[in-house]
Structure formats: structure tokens, C-alpha cells
Amino acid sequence: MKITSNWLKEHLDTKLDENQIIEKLTDVGLEVESVEKQGGELDDFIVAKILKAEKHPNADKLRVCDVDIGKENPVKVVCGAPNAKEGLFTIYAPPGSVIPKNQMKLVVSKIRGVSSYGMLCSESELKLSDESDGITELSSNDFKDKIGENYFPKKNSNVIDISITPNRADCLGVRGIARDLAAAGSGKLKDLKENKLKKDGKQTVSVKIENEDNQACTIFGSCLIKGVKNIESPDWLKEKIISIGQKPISAIVDITNYVMFDLNRPLHAYDVEKIDKGIIVRNSKKNETFTALDNKEYKLDEGMCVISDASGVLGLGGIIGGTRSGTELDTKNVLIESAYFLPRSIRKSSKILNIDTDAKFRFERGIDPLSIEQGLKKASNLIQEICGGKVSEFDIQKIEKYENESLEFNPAMFEKITGIKIEKDEMTKILNDLGFVIKENKKNLQLKIPTWRPDISQEVDVVEELIRIKGYEQIELIEPQKVRQKETLNKKQKLFHFLQRAVASKGYLEAITWSFTDSKINQLFLEKNKEIKIVNPISSDLDVLRSSIFSNLIINLNKNLDRGFKDLSIFEIGPTFLGKKPGEQQTVIGGLKSGKIFRQSWLEKERLVDVFDAKSDVIKSLVEAGYDKENLYYDTETPSYYHPGKSGRVFLNKGKEKVVAYFGDIHPNVLKKLDIKIEALVGFEIFLDNIKQPKKSLKDQKTKHKFSDFQKSERDFAFILDKNFQVQELIEIISNVDKNLIKSVKVFDVYDGKNIPENKKSIALNVTIQSSEKTLNEDDLNKINQTIITAVESKLDAKIRS
Amino acid sequence: MSDIKKIKDEYFLKLSKELDINQINQIKTDLFGKNGLVSSQFKQLGKIAEDERKKFASELNNVKDELQKLIVSKIEEIEIKEINQKLEKEKVDITLPERPFADGKIHPVSQVIDEISSIFSEIGFSVEEGPDVENEYNNFTALNTPDNHPARDMHDTFYLDEKKELLLRTHTSPVQIRTMLNDKPPFKIIAPGRTYRSDSDQTHAPMFHQVEGLHIDKDINMGHLKGCLNYFIKEFFEVDKIKMRFRPSHFPFTEPSAEVDIGYEIKDGKIIIGEGNKWLEILGCGMVHPNVLKNVNVDPGEFQGYAFGIGIDRLAMLKYGINDLRAFFDCDYRWLNQFGFDPIDVPSSYRGLSR
């Protein structure tokens, strides 16, 4: 909502200057978004007279003019306008000024060899009108004494742009803003000037509000003004309209707009000659069409509130008028509409049709239903004053009666909510100033809510009014107490933090990417999940919720590869989506690692990243989060975006309850489809929701510290096994031979090839054996050796390698 | 002069010279070998008169100990010297690069969430979460924003179905609803998380982060709200003094509502929080609307309190001098490296939020 302090002062008797007003506006909740110097750029434009206009020596269509700008010597201006001739009074823009239309800054320039000092302006260049054929022509009578003066009157008033919150419909008019300021002690709200209006005869255009279900128009007030001369608005009105960023059109339209911005009372003007018989306010029929004032044709749904006549729809009530019945400069008889429409209906129709107008913006927030006559009065008065004509009596059709709502307010509520006290006198003064009517009733206040405040219905609303006007700075700060009754994080949240930092500490950079992604890429990681489409995506490549962290991460990894990086490690922790219902999501860590380890190192041999790098990062992170490495269990069933032979699944234990993680090489086909060019790419996913929380906390998990000081022995074994055999089982069998004695089993070699039968491999292990009771002698050790060999050979198709 | 003394003097002299290990071994044999000088003296012990024997033996033992000690120290000396000589040749250029190590980073948004959680933890808030996909009811209706409410226009919403019943939450406020529906008052929670709105330009991203705060108890008023936010802002920006301004505003789910500005100034191109006379809007808050409490079966006659919502990304930008919101989600390796935090740098109240 744009206002100027001059306009504001028409309603507010105040001693405050503009800066104080601006501060006060913000204090009462009318946030000033910007203050723009009004017409500042127009201060440069000067009334001038062309003394001489000669043809340009090098161009047929240009003239070189000597222009009197009130200085001692005339200036030379090159001008292309056909009407630039000797004796013409016009508007001159000196070098350095900025042309309002195109924001071009003028400089002294040579035009076809002749220097031009400034410019003579057309009306359109100055945004005065659309007239662009030729320079502005000023009347010599009016301007002969004004050469060298500013064309535009200097203005002290800035345009103040206020962000009006949706609850404050009343402040969408200057008067409402003035009322708030008056209540806040910034002045006195002036009484509305009421010129005497002489009414002649009845309003003869018939108006009928159809009594239908869901009739959104509950009051339709109108008056007829006959014999008007619709002209351009007088300067004061044009200026007003321009000052708040609107475009003057004609007196009648400008007047209806002026009343809307002044009193927050939208009006509409019809050319009576174009109304077929009479006005009928009704619900639209399906597929009815009309052309609106924005020159677009709209096809209506059933049940939208329309103003119509015998031939069809004239306009959408409270939203936009139609071209068919619009007023024009030759309009003789005008019908002014001042109506009330239900906010809900306005909002619904305008949403469906996607129309946003000043009227719609106001009606959907709630217009004062008791302002019908006030609007008609002010508008018809002005029309009569500017355009002449005879004003009829007002015709008010209504299907509902409106009066002030009542509310009982307990003054103690104020202190209860705000923590501070307010005197009763101050309370009643603020409320009175805001338009409440107060009746004291024992300890409570009996309030009549002003009809322009549809936002007030409960006691807290009144509290807000009071504290807002009194000032939020009055609220006394209460220091918070440092008391904690509940743990800040639950176990799951702690796990999130542990794993997040654990993964990062493995050298991964944490990224945050959108929760939505490109369906074409997501497809690669979708597996059996459902695709979750966004109905109104921000762009076609962000059209689905991601099924995997990889969907976005891999694209971003690739962008970094394009930046010339090769050896990258990035991860993200966040939601992936399994369904479109709330809660059908998982928290997942996805990590990607590309390129080489020790690339071009002087120290180490470089190698490609591989599946065991990914595995190491996953396992170490799990261990850091408190899970026992020895219990982890693996198999090879992994999603199709992993390399089928070089990827694995992790479970917390052999029970394989829930997949805790995947790790492995990313499938080469995925790289191909995404055009990712890098020597190697591995990845992992950790599913936080599948990680079972240990029942015991760490303090209870720590058992008594036991260790053995007896000598430990190491024995090496090599078994020949099936090539596809997984070493996990071998280790398990050996460990289970004697859990007390076998302290660790380490794989130190995997070999196939020479000396090993085809489809077999050799696995060499180092076993540490230690008793907690004695030093084992050779006999004991041999016995264990033998048990290990027997156990392995009997349970597996394996042979000890001799 | 006794033989013993002679041996001693002679070999002390020998051992005082520069010797190699072979020469020392030779001396060892000369003295203590089977027929060594010292060994031979011991053999004579029996032949010595009884009254002299004790003295002789003691003298001999002393000399033996002294010589042995000297020899051991001499050997040690040589060994150390040899090692030192060997090390002379083992010198490496330690200015060569170390074995490469990977340097991981935590995203500034995650870091700031941890900072925020740490601050609110001190004054008794616990962390709650909610789903990113919400239903229309939790996101709007329960928050006193019915379908026809113009406030909905301020939230450009992503929908997941044509009926507009499922959506990506436009703020973290639905976590208030979920928390209060699932439990009984009092409530004292914060809820950080992802939020979504379908606009995108230089200063808006379609996804961003918010932290919601909610404190409901029997007598929580606007003074508590002011105190809580003042504490938070001061702690978060790690300054002693903060200039804060509460401005009346409107949110459907709070009444009265306020927006909070903090004072700042620009010094040498850097933003300084807490000084100066410019105002920066950083959050919205208010007293939870009685309609919201009714919607979650909390009696507004008995319980009341405040709620607030803060943009996390913006806080991160202000605190750490990041000037482009879009860069947060671009995953540029260089950016992540520059603005990311070391994973061991866990914000905590006792050690300080940031280094």
C-alpha cells in the first residue's frame, strides 16, 4: 500500500514530520518497506521555448534547435520530432537528467556531427501519457512567464510503501492508516468532509441480487449520475493517482480508484447505455465467458459471483469489471456500484481464474460492509464536481444485514499475555481511538467491534491492538532460566549427529541438495519405489521427490568433475521419500567417492578408489557410532545402481533384520547414462532409521575390564576354498571354535592362480590364541590347531593347504 | 705398587683413548678372559696370607668393578656414536609433502543447526522433528490458516496431489501441531528442518531451513518470549550486547504477533551485528493463537505460550559472512571447503559455539 504524507495529512492532523511518521508506522505494525523520493528525477525538467529550429545539415528528419531555457544563452538541441518548430513551448531535459520512461541518463553527444545539449521530451518519455508522436506542446499562454522553471512542481512528499499484513484490511485505505496513527498518539483523525449532495430522482436502473445458495454479493448499492462529461482528471487528482503508482485514465475511473485508496471502499462504474435492461447479481453458469478490463477473455466455472444484465456477464463481482459496460470518455450516464462481497468467494474465484486486482485484494481481506453509502457519496460528489451531471438517490439492495459484533473483554487478559500492566483509562482511550465502542460492565469491557475490523473476534485480538498501540518496546524482558527437564536430543537424533560427523571425518564434504530432483535421474535410483511427483514443480528438472540421496548428489558430483576436480568425496544426510504421505520418508546418508587415492603422490603408489574404501568408511562410521564391528554381517544383494559384483549390504547382525547400509562401486551403466567421466566412483548409503538403537546406554555397556597377561601365540593357516565362497563364514567358524581362546582372526592373503585348482582360491589367515588362565604349551596349541582345521574342513568344502 | 694398582692404571689409560669396538673387546679379553690379568689375580687369592687376603680381595673387586663399568660405558659410547653416524646418512627432506589426508567438512547449515540446538539446550528446550511432506491440515488449517485465508498467498506451496491435501511443508510450524497432539503440556521444543516454497530467485531458494520454537506452560507471556529471543540472539552471534526491536506483525497462528529486527552496521564491508542504527529482520514470533491450542486439544484458558520461527540459512549467512543463499545448495567443492566446518568442531556451550 503506497501513501504519501500529504495524502495522509488529509486525514490526520499531525505535527510529526515524515521521518517520525515512518517510524511510528513501523511501531504500530504497519511496516514501511521502502520510502521513495517522489518525482525526484523529475526535478530536472524545465519549461523551455524553441527560439529557432533549422534543418540538420546531415540529416533530413532532424532539426537543430536553439532553445531558451531561461539562461543567458540558449542551448543547442538536436531533435527529431516533427512538431519541433520555432515558438513552441515545451519541456527540456538537460544533460545529466534521467528520462523516466527508459531510465536513460542524458549526456552531451554529437548527433550526426552536431553537438546536442540535452533533449526535448515527448509526453510518453516523461510518462505523462502514451503520446509519443512529437515533443510535448505546452500552451504559450500558461507558460510564457515560466521559461526556465521546473515543469513539475517540486514535491516534498515521498512515496511511502507500507506492507499491510493480511489481517489489516482497514489499512488498505489512507484513512485506516491515519486512524492507527491517531490512536498511537501521532495526531488527531480528522472528520470526513461531507459536501452537501443534491440528489435528483430515483436510481432507475433495476438491480437485483438473485437469492441463490452461496450468493456472494450480500449488498449492492448504486447510484445513477446522468449527463456527465467524462474528461481527463484535473491535475490534483492525476497527481494523487500518479503519486501512488497508478495510471490516470479518465475522471470517472480515477475517482472510483481514488475513493478506494482513500477510504478502502472499492467502487465500480458502468456506462448505463451499455447495460441491457438491468443489473442482475447471480452465480455464473459453467463456461460463461466475458472479456475483462485487462482485455483477457475469461471462461467461468459454475457458481462464481457475476454482475450481469440481460445479455450476459458484465463483470466478476468484486474482482474485475468487463469491457462491455466500461466507462469511456464519451460516457454520458454512469452507474456507480458500491457493494459487499464475501471474502471467501472472492478468493476462490480469483484463485481459479488467476486474477489479482486492487479490488479483489481488498474484498478478500474484508471490506467494511457499512461503508457502502459513504463510498457512493464521496464518488458521486466528486463526479458531479468534475464531470457535472445529476446524481440519483442511492439504491441499496441487500440480502443480509450487518452490524457491529460484540465482544466481552477481560482487562486482566492484557497483563496475562503481555506481562505488563496498563491503566484502564489508557486502555479505553486506545480502543476508542481505534473505533471500538466501549461499555463498562463490572470488571469486563463490553466492546462493539468496528465493522472495518473483520480480524478482531477474540480477546487476544484486543490484547494485540492494545500492546501494538502501546508499543512492543514496553514489554519487559524476562531472562530465561537455565533449567533442563528433558534431554535435548533423543537417541535417534544423537545417532544422526554422530554419523554425520563420523562420515565427514572420513574426508567427505557435507553437501545439502534439494529434496526434489529430476525424474529422469531419479529413475536410475528408484528401484521398486514409487515415483512421487510434485504437481507444481518449480522447473521440469525438479519434478519429483528424491528416492535416493544419489539422485542429486551424483549430479552435483559430476558438476564438480566438470570443474576439473577428480578425487572427490561428498556426502549428504537427509530425507529420501518412499511415498507421498507424511512420514513415508527415511533419513539416509549417501556418500560418493571418486577418482584415485594418492594420485601423483611422491610417497605412495596411486590407486583407484574401490569398494573396500567405501566399505571402510561405512564400517568405521558405524563403529564410531557405537556398533560392534564383530557383529556386522554382509551379503551381496544390492540395488541395481551398484556394480553387481563389487557391492554389498550391511546388517547389524547375522539375523539380517534390516539393511543398515549399502556400499560398492557405482554401476558403470549409471555413469554412462549420466555421462560421468572418471576412472572410478564408489558410493555408500547408510539408513539411519534401520539402525536399531542399543538398549543399553554406553555407561551400562562397559563391562568389567578383563585382559590376560599370559603369553599369546599366533598361528597361520591357509585354506583352499570355492572361488565364490565368502570369507565372512570362514572367520565365523574359526572364531566359534573356542571363543575364550581365539582372540582374533586376520585375513592376510587371498590368492588364486598358479598352484591352486581352477574355481578355487586360497585364503590365508593369522589366528591369535591366548588363554586367560595359563600359558598355553605346544600340546594345547596343537590341539587347537587341529580343532580349527577339522572344524573348517568338516563344515565347509575346504582343504588346509599344506 | 701392587699389581692391582698397576693393572688399573695401565688399563684406565688405555681405555681413555679413542677405541673401536674390537679394541675394547680385546681389552675385555685381556682383563677378564680365562687367563686375563684380572682373572689371574683372582686365582692368586688362595696364595695370599690370610690377614692380607681380605684387603687384597676387596681392592681387586673394586678395580674389577671400576674397569667393567668403564668398559660398559665405553661400549655404550661407541654404540651411540655408531647410531649417530648411521643417522647422519638417513636424513630426509622433511619439507616434502606429508602423506595426503582427507579433510572432511560439515555444511554451514548443519553447523548452525548444532549451534542453535546447543544454545536452546542450555535453557531447557529439546529438539523435535517432523516430516517434510505434510498434510494441508497440519501445515495450514490447524495453524489457524483456513483455506480462504489470504495469508496462504504468502506461502507458495509445492503440492503432491491435485486435491492439494499433501504438500511439502512451507514452514516448520506443523511440528508444533504434531508435538502438541502427541503429548501433554508443558511443551518446550525447537524444531529445525527443511522447508519448501515454490519461489526461486537471488534471495529465495525453493528449499531452505527454519527452526521453530515453542514454549507452552501455565504463565508464559511476551516477556518470556523477549527474554528467550534476546538470549538466543546474543549467544548465537557471540556478542555481549544486542540491539533488538519487536515490531507488531501478523501470523495467523500467533496473536499478538511480532517480527524481530536486530541492529547492525556495515564496517569495512562487513556486517557487524549488535551495533549501528540499521535494522535487519531476522525472525517472526508471537503468542500461540488460542485457536491453535484448541486444535491440538490444549485448553487456552489454562495454558499459553509463545512460538517463533527463524530462517537458519539467513542466520548462517549473517554469522559467517556468506552472501549468496543459492550457493548453499550448489555443492561447489570449493565453496563447501571454504565455508564448511571441521567435523571435530562440535558446537557446545562450555567450549564455545565457534572457534
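The values are calculated or read from the model by the stated rules, or taken from the named source; none is laboratory data. The model shown is predicted, which means the values in this text are computed figures rather than measured ones. Counting neighbours? That spans all protein chains shown, and the Cβs are built from the backbone with ideal geometry, glycine included.
Is it the case that segment A:132-139 has a residue that's in contact (Cβ under 8 Å) with a residue 60 or more places away in the chain and touching a Ser or Thr at 6+ places or on another chain (Cβ under 7 Å)?
Step one: list which residues in segment A:132-139 are in contact (Cβ under 8 Å) with a residue 60 or more places away in the chain, which gives A:138.
Subset that is touching a Ser or Thr at 6+ places or on another chain (Cβ under 7 Å): A:138.
Scanning segment A:132-139, I find at least one residue that is in contact (Cβ under 8 Å) with a residue 60 or more places away in the chain and touching a Ser or Thr at 6+ places or on another chain (Cβ under 7 Å), so the answer is yes.
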| query | Is it true that some residue in segment B:102-121 is in a loop (DSSP other than H, G, I, E, B), over 30 Å from B:VAL239 (Cβ atoms) and away from chain A (no Cβ under 11 Å)? | reply | no
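Looking at segment A:319-327, can you tell me whether even one residue there is within 24 Å of A:PRO166 (Cβ to Cβ) and outside the structural domain of A:GLY176 (by TED's automatic domain parsing)? Walk me through how you get there before you give the answer.
Within segment A:319-327, the subset within 24 Å of A:PRO166 (Cβ to Cβ) is A:319-320.
Then drop every residue that is not outside the structural domain of A:GLY176 (by TED's automatic domain parsing), which leaves A:319-320.
Scanning segment A:319-327 turns up at least one residue that is within 24 Å of A:PRO166 (Cβ to Cβ) and outside the structural domain of A:GLY176 (by TED's automatic domain parsing).
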| task | Could you tell me whether any residue of segment B:166-187 is under 19 Å from B:ILE113 (Cα atoms) and part of a strand (DSSP E or B)? | result | no
| said: Given (1) modelled with pLDDT under 95; (2) surrounded by 17 or more Cβ atoms within 10 Å (Cβ to Cβ); (3) among the β-branched types (Val, Ile, Thr), identify the lone condition not met by B:THR203. | reply: (2)
| query | Would a scan of segment A:553-564 turn up a residue that is part of a loop (DSSP other than H, G, I, E, B) and surrounded by 19 or more Cβ atoms within 10 Å (Cβ to Cβ)? | reply | no
| Looking at segment A:593-620, which of the residues that are more than 9 Å from chain B (Cβ to nearest Cβ) and of a type in the set (S, T, N, Q) is farthest from A:THR517 (Cα to Cα)? | A:GLN600
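Tell me which helices (runs of 4 or more DSSP H) are completely within segment B:273-355 and hold 1 or more residues being at pLDDT 95 or above and farther than 25 Å from A:THR513 by Cβ, or say none if there are none. Quick ask: steps written out before the conclusion?
Details: elements: B:290-295, B:312-320, B:333-339.
In segment B:273-355, B:290-295 are the helices (runs of 4 or more DSSP H) which contain 1 or more residues that are at pLDDT 95 or above and farther than 25 Å from A:THR513 by Cβ.
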| task | Among the residues of segment A:243-258, write down those that are touching a residue at least 24 places away in the same chain (Cβ under 8 Å), part of a helix (DSSP H, G or I) and either not aromatic (Phe, Trp, Tyr) or not assigned by TED's automatic domain parsing to the domain that holds A:ILE231 (or both). | result | A:SER243, A:ALA251, A:ILE252, A:VAL253, A:ILE255, A:THR256, A:ASN257
| task | Kindly indicate whether any position in segment B:231-254 is under 22 Å from B:PHE125 (Cα atoms), surrounded by fewer than 23 Cβ atoms within 10 Å (Cβ to Cβ), facing chain A (nearest Cβ under 9 Å) and touching a residue at least 60 places away in the same chain (Cβ under 8 Å). | result | yes
| task | For segment A:368-397, name all the residues that are under 20 Å from A:THR218 (Cα atoms), outside any helix (DSSP H, G or I) and polar (S, T, N, Q). | result | A:GLN397
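Being over 20 Å from B:ARG169 (Cβ atoms) and either in a loop (DSSP other than H, G, I, E, B) or modelled with pLDDT of 95 or more (or both) is the filter here; which residues of segment A:540-550 pass it? Explain how you work it out, then say what you get.
Kept after step one, since they are over 20 Å from B:ARG169 (Cβ atoms), are these residues of segment A:540-550: A:540-541, A:548, A:550.
Across segment A:540-550, the qualifying residues are A:SER548, A:PHE550.
Please state which one of A:ARG501, A:ARG468 is touching a residue at least 60 places away in the same chain (Cβ under 8 Å) and buried (at least 21 other Cβ atoms within 10 Å of the Cβ). Steps first, please.
Working: A:ARG501 fails: touching a residue at least 60 places away in the same chain (Cβ under 8 Å).
Going through A:ARG501, A:ARG468 in turn, just one is touching a residue at least 60 places away in the same chain (Cβ under 8 Å) and buried (at least 21 other Cβ atoms within 10 Å of the Cβ): A:ARG468.
Each row is one residue, and each column tells you yes or no for (1) assigned by TED's automatic domain parsing to the domain that holds A:TYR641; (2) surrounded by 15 or more Cβ atoms within 10 Å (Cβ to Cβ); (3) not charged (D, E, K, R).
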{"position": "A:GLY664", "(1), (2), (3)": "yes, yes, yes"}
{"position": "A:ASN669", "(1), (2), (3)": "yes, no, yes"}
{"position": "A:ASP675", "(1), (2), (3)": "yes, no, no"}
{"position": "A:GLY683", "(1), (2), (3)": "yes, yes, yes"}
{"position": "A:GLN701", "(1), (2), (3)": "no, no, yes"}
{"position": "A:GLN711", "(1), (2), (3)": "no, no, yes"}
{"position": "A:ASP722", "(1), (2), (3)": "no, no, no"}
{"position": "A:LEU730", "(1), (2), (3)": "no, yes, yes"}
{"position": "A:ASN759", "(1), (2), (3)": "no, no, yes"}
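For segment A:427-448, give me each residue that is charged (D, E, K, R) and over 29 Å from B:ILE216 (Cβ atoms).
Filtering segment A:427-448 for residues charged (D, E, K, R) gives A:429, A:433, A:439-440, A:442-443, A:448.
Matches in segment A:427-448: A:LYS429, A:ASP433, A:LYS439, A:GLU440, A:LYS442, A:LYS448.
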| Right, B:ILE83: in a helix (DSSP H, G or I), at pLDDT 85 or above and touching a Leu at 6+ places or on another chain (Cβ under 9 Å) or not? | no
| said: I'd like to check something: does segment B:321-336 contain any residue that is farther than 22 Å from A:THR418 by Cβ, within 9 Å of chain A (Cβ to nearest Cβ), in contact with a Leu (Cβ under 7 Å, 6 or more places away or on another chain) and surrounded by fewer than 17 Cβ atoms within 10 Å (Cβ to Cβ)? | reply: no
| remark: Conditions (1) of a type in the set (Lys, Arg); (2) more than 22 Å from B:GLU165 (Cβ to Cβ); (3) within 31 Å of the chain's Cα centre (by Cα) -> A:LYS491 fails only (3)
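Could you tell me which of the residues A:GLY648, A:GLY590, A:GLY626, A:GLY664 is more than 10 Å from chain B (Cβ to nearest Cβ), at positive phi and touching a Phe, Trp or Tyr at 6+ places or on another chain (Cβ under 6 Å)? Full working, then the answer.
Numbers: A:GLY648 fails: at positive phi; A:GLY590 fails: at positive phi; A:GLY626 fails: touching a Phe, Trp or Tyr at 6+ places or on another chain (Cβ under 6 Å).
Sole residue among the options that is more than 10 Å from chain B (Cβ to nearest Cβ), at positive phi and touching a Phe, Trp or Tyr at 6+ places or on another chain (Cβ under 6 Å): A:GLY664.
Just checking, how many residues over segment A:525-540 are within 12 Å of chain B (Cβ to nearest Cβ) and surrounded by fewer than 20 Cβ atoms within 10 Å (Cβ to Cβ)?
Just the residues of segment A:525-540 that are within 12 Å of chain B (Cβ to nearest Cβ), to begin with: A:530-539.
Imposing the further condition that a residue be surrounded by fewer than 20 Cβ atoms within 10 Å (Cβ to Cβ) reduces the set to A:530-531, A:533, A:535-537, A:539.
Number of matching residues: 7.
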| note | Within segment A:478-524, residues more than 7 Å from chain B (Cβ to nearest Cβ), outside any helix (DSSP H, G or I) and charged (D, E, K, R) come out as A:ASP518
| query | Across segment A:564-587, what is the total count of residues that are more than 27 Å from the chain's Cα centre (by Cα) and either among the hydrophobic types (A, V, I, L, M, F, W, C) or within 7 Å of chain B (Cβ to nearest Cβ) (or both)? | reply | 5
| query | Out of (1) in contact (Cβ under 8 Å) with a residue 60 or more places away in the chain; (2) in a helix (DSSP H, G or I); (3) surrounded by fewer than 22 Cβ atoms within 10 Å (Cβ to Cβ); (4) under 33 Å from the mean Cα position of the chain (by Cα), what's the single condition that is false for A:LEU237? | reply | (4)
| task | Only residues in segment A:545-560 that are more than 9 Å from chain B (Cβ to nearest Cβ) count as the first member; pair them with residues that are of a type in the set (Asp, Glu), Cβ under 6 angstrom, at least 6 apart or cross-chain, and list the lot. | result | A:ILE549/A:GLU572
| field | Residues within segment B:122-164 that are over 22 Å from A:LYS581 (Cβ atoms), within 8 Å of another protein chain (Cβ to nearest Cβ), touching a residue at least 60 places away in the same chain (Cβ under 8 Å) and assigned to a loop (DSSP other than H, G, I, E, B), tallied | value | 4
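Identify all residues within segment B:197-214 that are at the interface with chain A (Cβ under 9 Å from one of its Cβ atoms) and farther than 18 Å from B:ILE282 by Cα; write none if there are none. Quick ask: steps written out before the conclusion?
Initial filter on segment B:197-214 (at the interface with chain A (Cβ under 9 Å from one of its Cβ atoms)): B:198-200, B:205-207, B:209.
Residues satisfying the conditions are B:SER198, B:ASP199, B:SER200, B:PRO206.
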| query | So which residues in segment A:257-312 are hydroxyl-bearing (Ser, Thr, Tyr) and within 16 Å of A:TYR340 (Cβ to Cβ), if there are any at all? | reply | none
| field | Filter result (within 19 Å of A:ARG468 (Cα to Cα) and small (Gly, Ala, Ser)) within segment B:230-266 | value | B:SER249, B:SER257, B:ALA258
| What residue, among those in segment A:259-288 that are in a strand (DSSP E or B) and closer than 15 Å to A:GLY321 by Cβ, is nearest to the chain's Cα centre (by Cα)? | A:HIS268
